[in-house]
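Enquirer: Next up is a structure, given as structure tokens.
The values are calculated or read from the model by the stated rules, or taken from the named source; none is laboratory data. Nothing here was measured: the structure is a model prediction, and the numbers come from that model. When we count neighbours, we look across all protein chains shown, and the Cβ atoms used for this are built from the backbone with ideal geometry, even at glycine. Quick note on the areas: whole protein, heavy atoms, side chains included, nothing else; ligands and nucleic acids left out. Shrake-Rupley method; radii C 1.70, N 1.55, O 1.52, S 1.80 Å.
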Amino acid sequence: MRHVVFALATSIALFAAINPLSAHHAIAAKFDPNKPVTLRGFVNEIDWANPHVHVFIDVQDATSVTSWAIELESPIDLQRSGWSRTTLKPGDGITVQGISARDGSRQAWGNSIVATSTSKRIFTLSSAEPRRDNPPARPAPRWPDGQPRLGPPPGERGYWGKPSSTALIQAGANVQTDGDGLLRNIADVDKVAPFQRWARDLYELRQRNFLKDDPMFLFCMPPGGPRRCQLPFGIQFLEERDR
């Protein structure tokens, strides 16, 4: 039993160590949907890394060249859209449509990218979540010695369930949120759940700040247990059997 507990603790520690790589900030916390921007320039550098891919471009205007950082979704999300590390290369001309950073810096969230050489749209941000049905229940996988496996058996991908909701809201509440849990209507704050007063006020403060102070998005730190299980990114447990 001691070995099982230790293996579980080790798995959770590894999960906690790698999890920040899969977290990301709320788009509205950093970028203003009311400030659309169109940029035409040449790719200078590509940072293909979690939690967000960045494309750095040089934009030429009438008198000077300015450098912009275009932030995109994670590498996994881009790969689902048909992207790879080599889709864009330094020197490629592109047109970016997106929204500007709230702080006025030369940063933008990219909603669309078109290649100048071919006029082909090589990226369009999709708001639709990928289809992922909950698989039927099966017996827990086990190691040859009979102990339960926290990961999938060889040749399988394991159980990847679809969350019932991306926000923790009491059952029956008529409240609309986006994929990050940002209320569509701030007036619905009192319909979310029977908060204690301090919790309700903190929730409203974070909503009005576009979740920029939410621990889930602050420095891409992961959220707590129940909320973690309601996110669409998935959870993976790793085991070190020799420990």
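Enquirer: T66: at pLDDT below 90 and hydroxyl-bearing (S, T, Y), yes or no?
Expert: no
Enquirer: Looking at the stretch 45-82, which of its residues are closer than 19 Å to A115 by Cα, among the aliphatic types (A, V, I, L, M) and open to solvent by less than 40 Å² (accessible area, probe 1.4 Å)?
Expert: Residues satisfying the conditions are V53, V55, I57, V59, A69, I70, L72, L78.
Enquirer: Output the qualifying pairs, or none if there are none: Cβ atoms under 6 angstrom, residues six or more apart or on different chains, first residue in the stretch 181-200 and open to solvent by 100 Å² or more (accessible area, probe 1.4 Å), second residue modelled with pLDDT under 95.
Expert: R184/Q176; K191/A173; K191/V175
Enquirer: I need the full set of residues from the stretch 205-223 which are among the polar types (S, T, N, Q) and at pLDDT below 70, in order please.
Expert: Within the stretch 205-223, none qualify.
Enquirer: Here's another thing I want to ask about it. Here are some conditions: (1) at pLDDT 90 or above; (2) closer than 20 Å to L72 by Cα; (3) not small (G, A, S). T124 meets all but one. Which one does it not meet?
Expert: Only one criterion is unmet by T124, namely (1).
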